[in-house]
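Reviewing the structure listed below.
The values are calculated or read from the model by the stated rules, or taken from the named source; none is laboratory data. Owing to the predicted nature of the structure, the values given are computational and were not obtained by experimental measurement. Every residue, glycine among them, receives a Cβ derived from its backbone with ideal geometry; neighbour counts consider all protein chains shown. Accessible surface areas use protein heavy atoms only, side chains included; no ligands, DNA or RNA. Shrake-Rupley method; radii C 1.70, N 1.55, O 1.52, S 1.80 Å.
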Amino acid sequence: MNSLKFQRNELKNLAAKLKTSPELITTVCENIDKYYSEWTEKKIDKNSGQVKTYADGTPKTRIITPSKGDLKAIQNSIKKNILNAIPLPIYVQGGTTGKSNISNAKLHQGKKYKFTTDLKDFFPRITNKQVNRLFICLGYSKQAAHYLTRFCTYKGHLPQGIPVSTHIANLIFLPTDEQIMQIVSEKKITYSRFVDDITLSSQTDFSHLLPVILHTIKSGGFSISNRKTTYSGDQTITGIRVFNNYIDAPEKIKEAAKLEVDKEFKPYTNYLNAIQNTNSAKRRAD
């Protein structure tokens, strides 16, 4: 089979996989920029509600690049027909069916020592080359991987907020997850990752392992936020307060729930109930 015929067949096969047409794949790939919106927004501190700033007072910002139109439809198809079928281990708690920030926090309930850290600029650090290698490793040809990478990256990296971003980030970080598991699995340390939030916990002090764990993360091409790195007992994990015998919502969620008493739509109340219902009946009655 000559090269041109092979490329046409690969395009046709990919279109069938994604439930779309070869013509639309080609059109979107050739005009990818028009399928993104882009703007800059200031980062807001979740606790204070104030704009985050650098030491010199300059506001911290992030670039938002949501996809739209036919590209977003293709990304949703990639998510549905390719990425959703790939199983992930139980310690990957973000972006997987049946898992949440609540189930993630619950894994660490009752542990005396807890370590939390945040992966800095998690999505932008993932390059188009890494995404391309991922699709090659999943068994796609260079031609198909080229198209898939084109659909899933923008300006050389993985954009945050598109339908496939969390799935792809999970798969690319998975080798680092596995290296961390090799370090902790025989030491009765629980490990979990909720997208870019990493948590480890144990009944025994494991502070001596933290340097090698952090080195493993950095060796994978990622960086941590020192400001969000803590090692202590009771603390907040992925927005949930984790104690010895129960988990609970932060006070700001409880206060917001109180304001919903006479409202028909109660998102904060529902969230609070979802957290507290994971605790024992005895604890809820206390």
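Against the chain, whose longest principal axis is taken from its Cα atoms, helix 165-184 shows a tilt of about 60°.
Starting from the Cα gyration tensor of segment 44-189, take the square roots of the eigenvalues, sort them a ≥ b ≥ c, and report rounded, prolate or oblate (rounded when a/c is under 1.5, otherwise prolate if a/b is larger than b/c, else oblate). It comes out oblate by the Cα gyration axes. Taking Lys and Arg as +1 and Asp and Glu as -1, the other residues whose beta-carbon sits under 10 Å from that of residue 197 total 0. One decimal place: the segment residue 5-residue 42 gains 8.4 nm when fully extended, by the rule 0.36 nm per residue minus the C-alpha distance. Here the chain was treated as a single set of alpha-carbon atoms; its pair distances binned every 5 Å from 0 give 1, 5, 10, 13, 15, 14, 13, 11, 8, 5, 3, 1, 0, 0, 0 percent.
Return the FRET efficiency for the residue pair residue 20, residue 90: r is the Cβ-Cβ distance, R0 is 30 Å, and the value is rounded to the nearest 0.05. Taking R0 as 30 Å, the efficiency between residue 20 and residue 90 is 0.35. Relative to the longest principal axis of the Cα atoms of the chain, the long axis of helix 3-17 lies at roughly 40 degrees. For the peptides 212-219, 145-152, 262-269, residues were scored by their other Cβ atoms within 10 Å and the scores averaged per peptide; the highest-first order is 145-152, 212-219, 262-269.
The C-alpha atoms of the chain define a longest principal axis, and helix 142-152 lies at about 50 degrees to it. Sorting 101-110, 225-234, 132-141 by their mean Cβ neighbour count within 10 Å, with the most densely packed peptide first, gives 101-110, 132-141, 225-234. Per-peptide packing, taken as the mean over residues of other Cβ atoms within 10 Å, places 161-167, 87-93 in the sequence 161-167, 87-93 from highest down. Ignoring ligands, DNA and RNA, what percent of the accessible area of segment 150-286 is carbon or sulfur (1.4 Å)? Here it works out to 50 percent. A 1.4 Å probe over all protein chains sorts 79, 68 by accessible area into 68, 79, starting with the largest. Considering only the other residues whose Cβ falls under 12 Å of the Cβ of residue 6, what net charge follows from Lys and Arg at +1 and Asp and Glu at -1? Result for the local shell: +3.
Qualifying GluC sites (Glu not before Pro) in segment 10-97, where qualification requires a DSSP coil assignment and no more than 13 other C-beta atoms within 10 Å, comprise 38. Cross-link pairs exceeding 26 Å between alpha carbons, from the set 79/266; 142/218; 79/99; 106/129; 112/228; 5/80: 79/266; 142/218; 106/129; 5/80. The chymotrypsin sites (Phe, Trp or Tyr not before Pro) found in segment 1-75 that occupy coil by DSSP, while having at most 10 further C-beta atoms within 10 Å, are 54.
Residue 32 contributes an accessible area of around 10 Å² to the protein surface, as traced by a 1.4 Å probe with all chains present. With θ taken as phi - 60° and the Karplus curve 6.51 cos²θ - 1.76 cosθ + 1.60 applied, the whole-hertz 3J(HN,Hα) list for segment 70-87 is 5, 5, 4, 5, 5, 4, 5, 5, 4, 4, 6, 9, 10, 6, 5, 7, 8, x Hz, x standing for glycine and proline. Entry comment: accessible area of segment 1-129 is 59 Å² per residue, from protein heavy atoms only and a probe of 1.4 Å. Secondary structure note: in the chain, about 95% of the DSSP beta bridges are antiparallel. In a reduced charge model with +1 at each Lys and Arg Cβ and -1 at each Asp and Glu Cβ, segment 1-136 shows a dipole moment near 600 debye about its Cα centre. Other residues whose C-beta falls under 11 angstrom from the C-beta of residue 76 contribute a net charge of +3, scoring Lys and Arg +1 and Asp and Glu -1.
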